[in-house]
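Every number in this text was worked out from the coordinates using simple rules, so none of it is lab data. Not measured: the values here are computed from a predicted model. Cβ placement follows ideal geometry from the backbone for every residue including glycine, while neighbour counts extend to all protein chains displayed.
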Amino acid sequence: MIHLSNITKQHGAQVLFRDASFQILPGTRTGLVGPNGAGKTTVFRIITGEEEVDAGEMSCAKKTTIGYFSQDVGDMAGRTALEEVMAGSAETVRLAAELKEMEAAMCLPQSDDEMAALLERYGVAQEEYEHRGGYDLDTRAQTVLTGLGIGPDRFNHPVESFSGGWKMRIALAKILTLKPDVLLLDEPTNHLDVESIIWLEEWLANEFDGALLMTSHDRDFMNRIVTRIIEVANKTVTTYGGNYDFYERERDIRREQLLASHKRQQEMLAKEEEFIARFAARASHAAQVQSRVKKLEKIDRIEIPPEERLVRFAFNDPPRSGDDVVVMDGLAKSWQTPDGQEKPVFGGVSGIIRRQNKIAVVGVNGAGKSTFLKVLAGQTDPTAGSVALGANVELGYFSQHAMEVLDPRKTVFETVQEAMPLANIGVVRNLLAAFLFPGDAVDKRIENLSGGEKSRVVLATLLARPVNFLVLDEPTNHLDIRSREILLDALQNFAGTVVLVSHDRHFLRSLVDRVFEIDHGEMRVYEGNYGYYLAKVHGDESHM
């Protein structure tokens, strides 16, 4: 279907990959992985024709439809949500109009030759229309929009009325409705809640029969969808058979084998070079010396790619809080709508958050999870009831808004040093290395950082402070899989109390020991881990 053969691509002086080859065959499900900046987005852009290769070639079967969802959704205006989704299938809509015209033409008197030619054209157009799923286009558009959380009550809302995150869902629905032969998805789960992620998993498994190439920071999502991994790293492209977990294991095995081969080669080279150095001046050994010099010149030297070390940072134990960290009594919150009405978010919440609890707050989008965290963190007052922090509780709060209050002119180092003024330079650098800011990266200015890098800076400053109660609203957003593992490790070893909202199921399964579910204004407490909660609510956790 799509073949990339011996391709080379560089941006300026940076070589992304050299002599790389891989293919996307019909029906294959492939994950695209690699460090930030390695060239994953460039691979997508080469396949869509937005960028050209410097050497090698890309070939694509004729009439292959490619659908590409990226994080850049572009401008959306002048249509309803449903119209915007349908607009992505313009060619299918055009074919429908063409078929209608030809059907009308068939009713008109014409010669046998003209009718035969018309029928032939009609047959070709009809086959293409059927291939594109034209007969159920309307139904599919509505099903996909609903699955991604935009129900029939919002189909006819203008796209301008939706926030950035919801526009992303509309853009994703547009590509899925197209039902292309090759589907390219760049971080499709970034703005989805757990329910929408599960719907997307099932849609890709049961409704989509084309080829898929995708990147995702959601480990569970990757594991459930892909059966092959393409890694872009170290100026090359490597293919692995299996899901993400298999790729991680296999990559480590291959690295160990490479290290062993490198060691053997270095030992051999050392012996040969020692022989050459010892006998270079002896005429009696001249032929042997020359032979060995030529042999060394021909050897392909094994290169060890730079290791992505995970730096462990030992956080100081926070000051001990009292056993009761938060006491809630009849807690309720309502927001006032523009027309002066009270809109209840949650109510009647009573209970205790105990020291060292790790609690997930769950619920569908709009259920009030972020509002509950704001009330806990003292960012907004409750409408009724009370929330009281226990003895010696030092609270740290993370939200997406926290990234906006970073000083853009400061460097990463200066920002974190402010949070731990008594720490020496080595301790600050070690903390930043643990959060993937090694060496000179600490001198980057905040204004030049990506969303994921800003998230890591805020989290590092939060964990550097002597807090013993962390309230975290979507801390995994914008973070890649490696960064999520670092944060997970830090929170698992954190001696204080954590309450968080996250859509990353692997993260929740690995961390939490209690679950608070907000559903239609009520809160239910599950005294068990995330797996226990899923078993209680869904009967089992196999698909979650």
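Before moving on, here are some points about what is shown:
- Close amide-amide hydrogen proximity is noted between Leu472 and Phe398, Val499, Leu500, Val501, each under 5 Å apart and 5 or more residues distant or on a separate chain (H modeled in the peptide plane; Pro and chain starts excluded).
- Shown in residue order for the stretch 95-100 are the 3J(HN,Hα) couplings computed by the Karplus curve 6.51 cos²θ - 1.76 cosθ + 1.60 at θ = phi - 60°: 4, 4, 5, 5, 4, 4 Hz (x for Gly and Pro).
- Shown for the stretch 124-279 is the translational diffusion coefficient from the Stokes-Einstein equation, using the Kirkwood radius over Cα pairs, a temperature of 20 °C and a viscosity of 1.002 mPa s: 112 µm²/s.
- Neighbour-count order for Val53, Val499, fewest beta carbons within 10 angstrom listed first: Val53, Val499
- In terms of Cα atoms, the Rg and Dmax of the chain work out to 28.8, 102 Å.
- Relative contact order (%) - criterion: Cα under 8 Å, at least six apart; region: the chain: 14 percent
- Centre separation in Å (Cα based) which lies between the stretch 264-305 and the stretch 480-544: 58 Å
- Legend: residue pairs Lys333/Lys410; Lys40/Lys62; Lys263/Lys295; Lys62/Lys174; Lys179/Lys235; Lys167/Lys536, Cα-Cα distance threshold 26 Å; pairs beyond threshold, Lys333/Lys410; Lys179/Lys235; Lys167/Lys536.
- Rounded to 5, percent antiparallel among DSSP beta bridges of the chain: 55 percent
- Of the three principal axes defined by the Cα atoms of the stretch 247-298, the extents in descending order read 53, 17, 9 Å.
- Order of Arg251, Arg94, Arg429, Arg409 - criterion: other Cβ atoms within 10 Å of each residue's Cβ, fewest first: Arg409, Arg94, Arg251, Arg429
- Neighbour counts of C-beta atoms inside 10 Å place Trp335, Trp203, Trp166 in the sequence Trp335, Trp203, Trp166, starting with the fewest.
- The HN-Hα couplings worked out from phi for the stretch 116-126 by the Karplus form 6.51 cos²θ - 1.76 cosθ + 1.60 (θ = phi - 60°) are 4, 5, 5, 5, 5, 4, 4, x, 5, 5, 5 Hz, whole numbers, x standing for Gly and Pro.
- Sequence-distant residues sharing a close amide H with Phe346 (under 5 Å, placed H): Lys333
- Under 13 Å from Lys63, Cα to Cα: aspartates and glutamates that are on another chain or at least 8 residues apart: Glu91, Glu127, Glu128, Asp181
- Taking a sphere under 14 Å around the Cβ of Glu273 and counting the other residues whose Cβ falls inside, with K and R at +1 and D and E at -1, yields a net charge of +2.
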